[in-house]
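The numbers here are math on the coordinates, done by the rules we state, and not lab data. What you are looking at is a predicted structure, and each value in this text was computed from that prediction instead of being measured. Here the Cβ is made from the backbone with ideal geometry for all residues, glycine too, and neighbour counts use every protein chain on show.
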Amino acid sequence: MMKARGHEIIHYGHDQSEVDCDENVGVTNDAILKEAYGDYDWKTQNFKYDLEDVAYKYFYKNCIDEIGKRKEKGDFLLCFWGWGHKAIADAHPDMLIVEPGIGYSGGIFAPYRVFESQSLMAAYYGMQAVNRPGHFSWYDAVIPNYFDLEDFTYNESKEDYFLCLGRIGSHKGVDIAIQATEAIGAKLKIAGQGNILDMGYDKIPDHVEYCGYAGVDKRRELMANAKAQFVLTTYGEPFGGTQIEAMLSGTPIISTDWACFGELNLHGITGYRCRTFEHITWAAKNIEKINPMNCRKWAENFSLEKVAAMYEEFFYSISNIYNGKGWYEPNPDRDNLDWLYRKFPLTS
C-alpha cells in the first residue's frame, strides 16, 4: 500500500515473499527454516522461535549486511517484529528506527513507537505517567492494524451457529464460549491453532464443531455466516484482530470488557462487552439486536487505505525532527486533520 502511495519500499525477509515493494531482499529461506524447526506445523501447534537459534542468526547477519548496502540518509527502519529486530536496529543506529504495531512485545526499544491501541500504550506507560507530566512522548502514536476489505464477505443472512476463531485455549476464553453456548442450547464452531482437549475436556462437546486451522477462504466463510463471534480474551488483549475481521463480515462480537475491547467493540452497536457469565449468555440470546451493517461500517475504519494515511502522517512528523523544525514545523499545504478521524455507525 505504501509503495502504491509513492514511497520507496525495500522488504527484507523470505526470498519467496510476495510483497508490494520496490525490492524484496531475500535474507532467509525455506532451507534455513527447516534446519532450525524441522517439519514443525505452526498451523496446528502455535508458533515456535528462539532469537538465538540458527535461523535467527542467519537472518540477522544477512539483514544487517543487506541493509548496509542500501540505506541512505533519512531512511526509516521499520521493526515489525519488535525485540526480534533489535539486533538489526542496533547495527544501524543512524536510521530512523520505528516499532510499528506494538502488541505483545515485552521489550520496547525504538525511539519512535506505534501502538496497536490506546489501552496498550497506557499499559506500557503505567501508573508512573498518571499526574506526572513528561512521561508521554509527542511522537508515540496509536495506529491500529489494517485489513484488506476484499478479504471478507459482508453477509446479513446468518446461519445458526456462533464462532470462536483464533488460538484455542482458556486464555482466549474458548472454554467460556463452550459453556455459554451449551447453557443456551446453541451450536459453536471453533477454528484455529491448538487443541480443545488441552482445556480439560475428555472429548469435544456434542454442540461443538472443531473446524481446524482456517485459511483465508475458510475464515471468510466461517465469519460471514456466524451469528456472532466470541472474543472472550482473559488477559489484556492489545488489539484482537479477529473482532475487526468478523465485523467486516457483518458479524457482531461478544467480548470481555477490558483492554482493547473498550475502544474497539462499541457496546450495543457492534456487539456486547461482558463482565459476568449472565452477561455473556444474554448477549448471545439477544445478538439479533445488533445491526450487521453497523459492524461493517465501523470496521471499515481499519482499511488498508485509512491506516496507510495514518502512517504517512506519523512518518511526516518524525522526518520533520531531522529535516525541519521538528514539533514546530509548519505545514502550509495541510487542508485537514483527518488522520485520527473515524466514522461511527448511525444509530437510532
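Taking 18 Å as the straight-line reach from the Cα of K325, the lysines in range (excluding those fewer than 8 positions away in the same chain) are K73. Placing dummy labels 7 Å off each Cα toward the beta-carbon, the span from W258 to R275 is 1.2 nm. Taking Cβ atoms as reference points and 13 Å as the exclusive limit, the residues near D20 contribute a net charge of -3, counting Lys and Arg as +1 and Asp and Glu as -1. What pairs in K3/K297; K86/K343; K71/K218 have C-alpha atoms more than 31 Å from each other? Violating the 31 Å Cα-Cα cut-off are K86/K343; K71/K218. Placing unit charges on the Cβ atoms of the charged side chains and taking the dipole of region 282-332 about its Cα centre, the candidate lying farthest along the positive direction among I321, P332, A299 is A299. Just going by the charge dipole of region 173-248, with Lys and Arg at +1 and Asp and Glu at -1 on Cβ, which of A228, A186, M199 is farthest out on the positive end? Result: A228. When peptides 281-288, 185-192, 197-204 are sorted by average Cβ neighbour count within 10 Å, with the highest value leading, the order is 185-192, 281-288, 197-204. Comparing Y60, I280, F152 along the charge dipole axis of the chain, the residue lying farthest to the positive side is I280, per the Cβ-charge model. Stretching the chain fully between M2 and E23 yields a gain of 6.2 nm (0.36 nm per residue, less the alpha carbon separation). For Y112, the residues whose modelled amide H falls within less than 5 Å of its own, excluding neighbours fewer than 5 places apart on the same chain, are E99. Compute the FRET efficiency between Y201 and D333 as 1/(1 + (r/R0)^6), taking r as their Cβ-Cβ distance and R0 = 51 Å, and round to the nearest 0.05. For Y201 and D333, the calculated efficiency is 0.25. Each Lys and Arg Cβ is given +1 and each Asp and Glu Cβ -1; about its Cα centre, the chain then shows a dipole of about 920 debye. Per-residue 3J(HN,Hα) values for region 142-155, derived from phi via the Karplus relation 6.51 cos²θ - 1.76 cosθ + 1.60 with θ = phi - 60°, read 10, 10, x, 5, 10, 9, 7, 4, 6, 7, 10, 9, 6, 8 Hz in sequence order (x marks Gly and Pro). Packing around the peptides 158-164, 25-31, 336-342, taken as the average count of other Cβ atoms within 10 Å per residue, puts them in this order, highest first: 158-164, 25-31, 336-342.
Stokes-Einstein, applied to the Kirkwood radius of the chain over Cα pairs at a viscosity of 1.567 mPa s and 4 °C, places its translational diffusion at 58 µm² s⁻¹. Peptide packing for 291-298, 313-320 was compared via the average number of neighbouring C-beta atoms within 10 Å per residue; ordered from the highest value, the list is 291-298, 313-320. Restricting the calculation to Cα atoms, region 149-301 shows an Rg/Rh of 0.92 when the hydrodynamic-style radius is the Kirkwood one. Largest GNM mean-square fluctuation among F109, F152, F277, using the chain with Cα springs under 10 Å: F277.
Helix content alone sets the calculated 222 nm mean residue ellipticity of the chain: runs of n ≥ 4 DSSP H residues at -39500 (n - 2.57) each, divided across all residues, give -9500 deg cm²/dmol. If you sort the three axes of the alpha carbon gyration tensor as a ≥ b ≥ c, you get a/c of 1.5 or more for region 1-133 and a/b no higher than b/c, which makes it oblate. You can think of it this way: the chain between E182 and A91 has 27.3 nm of extra reach, that is 0.36 nm per residue less the Cα-Cα gap.
Among L149, L266, which comes first, then next, by fewest other beta-carbon atoms within 10 Å?
By the 10 Å Cβ count, ascending: L149, L266.
In straight-distance terms, cross-link reach from K158 covers every one of the aspartates and glutamates whose alpha-carbon lies under 19 Å from its own, apart from those fewer than eight places away in the same chain; here that gives E209, D217, E221, E245, E288.
Rounded to whole numbers, the Karplus 3J(HN,Hα) couplings from phi for region 274-283 are 10, 10, 10, 4, 5, 4, 5, 5, 5, 4 Hz, using 6.51 cos²θ - 1.76 cosθ + 1.60 with θ = phi - 60°, and x at Gly and Pro. Extension gain, S319 to R70, is 87.7 nm, computed as 0.36 nm per intervening residue step minus the present C-alpha separation. Placing +1 on each Lys and Arg Cβ and -1 on each Asp and Glu Cβ, with no other charges, gives region 116-274 a dipole about its Cα centre of roughly 240 debye.
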